[in-house]
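No value in this document is a laboratory result; all are computed from the given coordinates. Note that the structure is a prediction, hence the values are computed from the model and not measured. Please note: Cβ atoms are built from the backbone with ideal geometry, for glycine as well, and neighbour counts cover all protein chains shown.
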Amino acid sequence: MSTVESLVTPEELLRMPEGVLFELIGGQLVERNMSQESSWIAGELHRHLANHCAATGAGWAFPADAGFQCFADDASKVRKPDVSFVRAEVIERLGMPRGFARYAPDLAVEVVSRNDAFEPLSEKIEEYLNAGVRLVWLIDPASRKVWVYRPDGRGVILTQDDELDGEAVVPGFRCKIGDLFRRLDALSHQS
């Protein structure tokens with residue numbers, strides 16, 4: 001006797017009390033890999049980005065529970081970047097979604113957790129770029145590096161001595177990468 005797994009819809013995912021822990025791929029729940037460290041780094045970047053948005057009105061910064069349902073290969077797919085940014089004019093034109101956004105964020109950020117595997121992260125970055133995300137940052141706490149991806153294929157690897165630059169996507173946003181790790185580094189020097 002075979003068992004049939006029931007598919008989950010985006011609407012069902014929204015109603016799940018534990019739904020924040022999952023993305024939705026092919027109707028199946030996929031647990032998000034999060035560690036305390038990766039969550040904290042994402043929170044630090046979100047804080048910097050949200051402060052910039054509040055000061056400039058450039059747009060809206062979203063934390064890790066904001067979902068995007070904007071993928072041509074699967075209309076029900078929901079991805080939740082660790083941090084995302086949407087330009088102010090997009091929100092003004094389309095409104096603030098009550099569920100998952102059906103448009104791509106302008107910036108998507110993933111912070112590598114110790115449990116993350118390379119292939120799923122690579123696929124996720126490719127999905128973001130194919131959906132219209134204009135800038136993707138992949139932050140690796142272990143190496144203190146950030147991989148920058150753009151739709152035109154121009155990418156770069158930054159170190160903690162470099163700055164994240166919002167470029168034309170998040171105008172005026174700059175954040176020294178080392179600032180994201182400063183408190184963690186201080187903590188490791190105490191032990």
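Values as computed for the structure displayed
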{"item": "Within region 89-124, trypsin sites (Lys or Arg not before Pro) in DSSP loop having at most 13 other beta-carbon neighbours inside 10 Å", "result": "Arg98, Arg102, Arg114"}
{"item": "Phi-based couplings in Hz for region 26-38 (Karplus 6.51, -1.76, 1.60; Gly and Pro marked x)", "result": "x, x, 10, 6, 10, 5, 7, 7, 9, 10, 4, 5, 5"}
{"item": "Among 34-44, 59-69, the order from most to least packed when residues are scored by Cβ within 10 Å on average", "result": "59-69, 34-44"}
{"item": "D (Stokes-Einstein, µm²/s), Kirkwood Cα radius, region 1-53, 0.890 mPa s at 25 °C", "result": "182 µm²/s"}
{"item": "Dipole of region 33-190, positive end: most advanced residue of Pro63, Val133, Ser188 [Cβ charges, Cα centre]", "result": "Pro63"}
{"item": "Cα-based reach from Lys77 at 20 Å (exclusive), listing lysines while leaving out same-chain residues under 8 positions away", "result": "Lys124"}
{"item": "Rg to Rh quotient for the chain, alpha carbon positions, Kirkwood Rh", "result": "0.97"}
{"item": "Simple Cβ-charge dipole of the chain, Lys/Arg +1 and Asp/Glu -1, about Cα centre, in debye nearest 20", "result": "460 debye"}
{"item": "Proportion of all alpha-carbon pairs of region 129-191 beyond 17 Å (%)", "result": "45 percent"}
{"item": "Given charges at Cβ of Lys, Arg, Asp, Glu: the chain dipole, positive-most of Gln160, Leu21, Ala117", "result": "Gln160"}
{"item": "Relative contact order for region 1-131, counting Cα pairs under 8 Å that sit 6 or more residues apart, in percent", "result": "24 percent"}
